[in-house]
Amino acid sequence: MPGLVSVKTPPEAPALRITVPEESNGQIRPVSERSESGNGKTNSPAPAQRRPPSPSPSTSRAKPSPDRSSGKKKSPPEKAVMDETSLDNPDLGPFLLKLARDTIASGEGPSKALDYALRAAKSFERCAVDGEPSLDLAMSLHVVAAIYCSLGKFEEAIPVLERAIKVPEVTRGADHALAAFSGYMQLGDTHSMLGQLDRSIECYKVGLKIQMEALGETDPRVAETCRYLAEAHVQAMQFDDAENLCKTTLEIHRVHSPPASLEEAADRRLMALICEAKGDYEAALEHLVLASMAMIANGQENEVAAIDVSIGNIYLSLSRFDEAVFSYQKALTVFKSSKGDNHPLVASVFVRLADLYYKTGKLRESRSYCENALRIYGKPVPGTTAEEIASGMTEISAIYELFNEPEEALKLLQKAMKLVEDKPGQQSTIAGIEARMGVMFYMIGRYEDARSSFESAVVKLRASGERKSAFFGVVLNQMGLACVQLFRIDEAAELFEEARQILEQECGPCHQDTLGVYSNLAATYDAMGRVEDAIEILEYILKLREEKLGTANPDFDDEKKRLADLLKEAGRSRNKKAKSLENLIDPNSRRTKKETTKKWSPFGFRS
């Protein structure tokens, strides 16, 4: 998910493992591989079974350097440097590909396996019959790309996969179609690890289309791919697309799976997440209850507890606090008994309870739960991921901000940033943390630091394909406010204009975030001397409030007075003296140290 927004699903992409397609009658076949971790994206439907590398390197002999002569034993003939002409042997490609697989399995290191896989691909290419696409070549390229990813060389894997997807010809039958499907899904995963969500989603869409044509639209394997693509849309905050795909998945599982199946439960949890993000809390609650019943029927106690946490979140959003406490306490009891008192799942429930008690005015209890959660995150148990700790610290920082302690919140965000800044596939998460850091810097008056944080977040969000999301529009607006404080008026105007276009498209003109940007843009135009433009915007805001939103909002009187002043000054002289920006910027958009009691929008920022 981009970054850290109201959707409670931080994108914790699992580390890529080396994927080695197994030989099975020379065919590349899709195998659904799912990981119901509850807090991250499932693994992509893979072309074949995956075998993880050995946890420790073996003590096999290293290949001697060609320029070194010694009395040591030479490597076995199959490991010697081979002449290029030997690659014309049609038996060599399968042999080298088997060596690559065996090398990975033995833990000798991906570099040696990469050499074998590259030679195998070259051999398959040289031995291919003219005009006949080689599925063996596609398989070897998939292996090469997977090894590059395991080495962290995602950029080098991209052209290999782009070449691999051109090898199969879909019209030649199911084998070619499924080979193409595997290539597109692997390419989508690699783009995702680079934070390029828009390109990733496009690859998944092509893969899904090919799979549907090859297997039919109601095949259970199609449901797995639909769910995977839906998760990608959720990460990109494209909730309508995600909802449509999730409905398709539920329908397929209704036909092919027994009632209350684990597959249906997983689909309903995803659908609940989508409904919650869209503000349809009642529908989300219904899906979660059905998912919980399915998990209970299958004896999945920990999964039931995880769903109880989600149910508590919905009750909290509906201000049904007693029911939320009951759900959280149920989950807490299960996690403590099954995982231990110091498990990060226990800490995550503490964070939810801290948020709840703050909203009910029990500040002492809220702070106590925050401290207990931080104690667990400070000494994580083995197996705790950096992403889990970073996500928890980010949520706690939001509560400390509510306590009017922006410096403490900033410290937690900086710790969270250090945990994930070097992790692949975390660009959206990092952008969300940077955006929140920008808000904290703004609150304590460090406007240059705020602008730098917002700028870094904007660059990452543009690259990840989230440049059309409402969250991106809100970040642009916040960056514009920082520019105003630094008297970079022209830059602020450009940012407000872009934010206006995005929020009008994503939220509509009557949304509070959009109205805040309108007001900020009018103030900036006024400061630039563009009085007529400022008047036009303010008249539009007042018209919206009078015709659709009502005039009871206290902002209405303020905006009406600002418009009257502008009209008066425009009538008196067109070359007006610019007012102080402090008096022009929408007071509801400016957050200073004394204004921290005002609530933020659902995205975590004031518009």
Taking helices (runs of 4 or more DSSP H) that do not extend beyond segment 48-158, which have at least 1 residues that are modelled with pLDDT of 50 or more and among the basic types (Lys, Arg)?
92-106, 110-127
Out of curiosity, is residue 249 out of contact with any Ser or Thr (no Cβ under 6 Å at 6 or more places or on another chain), buried (at least 23 other Cβ atoms within 10 Å of the Cβ), among the polar types (S, T, N, Q) and free of Cβ contacts under 8 Å to residues at least 60 places away in the same chain?
yes
Test of understanding: among 205, 209, which residue is touching a residue at least 12 places away in the same chain (Cβ under 8 Å), surrounded by fewer than 23 Cβ atoms within 10 Å (Cβ to Cβ) and of a type outside the set (Asp, Glu)?
205
Look through segment 369-395, keep the residues that are farther than 14 Å from residue 351 by Cβ and among the polar types (S, T, N, Q), and return whichever of them is most open to solvent (accessible area, probe 1.4 Å).
385
Output for segment 436-470, where each listed residue is within 17 Å of residue 401 (Cα to Cα), of a type in the set (A, V, I, L, M) and surrounded by fewer than 23 Cβ atoms within 10 Å (Cβ to Cβ)
443, 444
For residues that are open to solvent by 20 Å² or more (accessible area, probe 1.4 Å) and either closer than 21 Å to residue 232 by Cα or not basic (Lys, Arg) (or both), scanning just segment 396-411, find the one that is nearest to the chain's Cα centre (by Cα).
398
Qualifying position, being open to solvent by 40 Å² or more (accessible area, probe 1.4 Å) and modelled with pLDDT of 75 or more, among 561, 577
561
Going by the structure shown, is residue 226 open to solvent by 10 Å² or more (accessible area, probe 1.4 Å), closer than 30 Å to residue 430 by Cβ and modelled with pLDDT of 95 or more?
no
Any residue in segment 398-406 that is over 24 Å from residue 363 (Cα atoms) and in contact (Cβ under 8 Å) with a residue 24 or more places away in the chain?
no
Within segment 233-245, restricting attention to residues that are in a helix (DSSP H, G or I) and closer than 17 Å to residue 431 by Cα, which residue is least open to solvent (accessible area, probe 1.4 Å)?
234
Go through segment 513-529 and count every residue that is more than 17 Å from residue 479 (Cα to Cα) and either aliphatic (A, V, I, L, M) or surrounded by fewer than 16 Cβ atoms within 10 Å (Cβ to Cβ) (or both).
3
Hey, residue 459 out of contact with any Cys (no Cβ under 8 Å at 6 or more places or on another chain), among the aliphatic types (A, V, I, L, M) and part of a helix (DSSP H, G or I) or not
yes
Any residue in segment 463-470 that is modelled with pLDDT under 95 and assigned to a helix (DSSP H, G or I)?
yes
Open to solvent by 70 Å² or more (accessible area, probe 1.4 Å), within 25 Å of residue 384 (Cα to Cα) and either in contact (Cβ under 8 Å) with a residue 12 or more places away in the chain or under 27 Å from the mean Cα position of the chain (by Cα) (or both), is that true of residue 336?
no
Could you tell me which numbered condition residue 215 fails, if it satisfies all but one of (1) under 30 Å from residue 459 (Cα atoms); (2) hydrophobic (A, V, I, L, M, F, W, C); (3) open to solvent by 10 Å² or more (accessible area, probe 1.4 Å)?
(1)
Would you point out the residue of segment 430-466, among those that are touching a residue at least 12 places away in the same chain (Cβ under 8 Å) and basic (Lys, Arg), that is farthest from residue 278 (Cα to Cα)?
451
State the number of residues belonging to segment 412-429 that are in a helix (DSSP H, G or I), touching a residue at least 12 places away in the same chain (Cβ under 8 Å) and surrounded by fewer than 24 Cβ atoms within 10 Å (Cβ to Cβ).
5
Consider residue 440 carefully, then state whether it is more than 19 Å from the chain's Cα centre (by Cα) and farther than 30 Å from residue 539 by Cα.
yes
Can you tell me how many residues in segment 168-188 are open to solvent by less than 20 Å² (accessible area, probe 1.4 Å) and in a loop (DSSP other than H, G, I, E, B)?
1
When you go through 288, 262, 273 one by one, which is the residue that is out of contact with any helix residue (DSSP H, G or I) (no Cβ under 6 Å at 6 or more places or on another chain), under 24 Å from residue 222 (Cα atoms) and buried (at least 23 other Cβ atoms within 10 Å of the Cβ)?
273
How many of the residues making up segment 348-386 are in contact (Cβ under 8 Å) with a residue 40 or more places away in the chain, farther than 20 Å from residue 315 by Cβ and not hydroxyl-bearing (Ser, Thr, Tyr)?
2
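The values are calculated or read from the model by the stated rules, or taken from the named source; none is laboratory data. Just so it is clear, the structure is predicted and the values come from calculations on it, not from any experiment. Note: ideal-geometry Cβ built from the backbone for every residue, glycine included; neighbour counts use all protein chains shown. To get the accessible areas, we keep the full protein, side chains included, count just its heavy atoms, and leave off ligands, DNA and RNA. Shrake-Rupley method; radii C 1.70, N 1.55, O 1.52, S 1.80 Å.
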